[in-house]
């Protein structure tokens, strides 16, 4: 990637993304964040330029800059992605840590965050705008939808199907062949041995639905 990148979100995820881009030799132009108290201050020596809807900076995207959305709130993340697609006609770029491993036989979409020592196996498919944190294993022929979040140290075995907008906490194990429905939430440390319904929240070993 030759153009500099503007990061949406001056937060912990934004800091991690900044390090990934700069380690990959990509210049970070600045942050955009809706917290006005942060405007004109710096985060890791990078200036927080203004709001996420600041036309003065948005007009640079697609021409002189790329964009990355570093926001873990899915509703807000989706709204900014939609704005970039409709108003700027661009897709956010991927932020892939140089110490992550993505098989040449894996498929990956746009706007994903792939952190240090994550592994995406052959035949796996990761959609767009997913957050895959450090030390995550995504097995052979496993599919992640869009806007999926996978916590650090989670192990997703081969042949798992994960629908859009699923949240998976840190240290979760999902056994082979399981299907996770849209918008489901899986608590940290859980072991998932059975299908999970759309919108369901589960926790434990073995993981069970919680009210």
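The values are calculated or read from the model by the stated rules, or taken from the named source; none is laboratory data. What you are looking at is a predicted structure, and each value in this text was computed from that prediction instead of being measured. Here the Cβ positions follow ideal geometry from the backbone for every residue, glycine too, while neighbour counts run over all protein chains shown.
Only a single item in (1) crowded, with 16+ Cβ neighbours inside 10 Å; (2) over 17 Å from residue 5 (Cβ atoms) is not met by residue 111, and it is number (2).
Residues are listed down the side, and each one gets a yes or a no for (1) surrounded by 19 or more Cβ atoms within 10 Å (Cβ to Cβ); (2) in contact (Cβ under 8 Å) with a residue 24 or more places away in the chain; (3) not assigned by TED's automatic domain parsing to the domain that holds residue 13:
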| residue | (1), (2), (3) |
| --- | --- |
| 147 | yes, yes, yes |
| 150 | yes, no, yes |
| 160 | yes, no, yes |
| 175 | no, no, yes |
| 191 | no, no, yes |
| 194 | no, no, yes |
| 208 | no, no, yes |
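Tallying residues that are part of a loop (DSSP other than H, G, I, E, B) and closer than 18 Å to residue 70 by Cβ within region 132-184 yields 9. Consider region 55-85 and keep the residues that are over 20 Å from the mean Cα position of the chain (by Cα) and exposed (fewer than 14 other Cβ atoms within 10 Å of the Cβ). The one that is modelled with the lowest pLDDT is 63. For region 1-37, give me each residue that is surrounded by 18 or more Cβ atoms within 10 Å (Cβ to Cβ) and farther than 26 Å from residue 152 by Cα. Once the filter is applied, which keeps residues that are surrounded by 18 or more Cβ atoms within 10 Å (Cβ to Cβ) and farther than 26 Å from residue 152 by Cα, region 1-37 yields 29, 30. State whether one or more residues within region 11-23 are modelled with pLDDT of 95 or more and in contact with a helix residue (DSSP H, G or I) (Cβ under 9 Å, 6 or more places away or on another chain). Among the residues of region 11-23, not one is modelled with pLDDT of 95 or more and in contact with a helix residue (DSSP H, G or I) (Cβ under 9 Å, 6 or more places away or on another chain), which makes the answer no. If you go through region 68-77 one residue at a time, do you hit one that is over 23 Å from residue 183 (Cβ atoms) and in contact with a strand residue (DSSP E or B) (Cβ under 9 Å, 6 or more places away or on another chain)? Yes, there is a match, as at least one residue in region 68-77 is over 23 Å from residue 183 (Cβ atoms) and in contact with a strand residue (DSSP E or B) (Cβ under 9 Å, 6 or more places away or on another chain).
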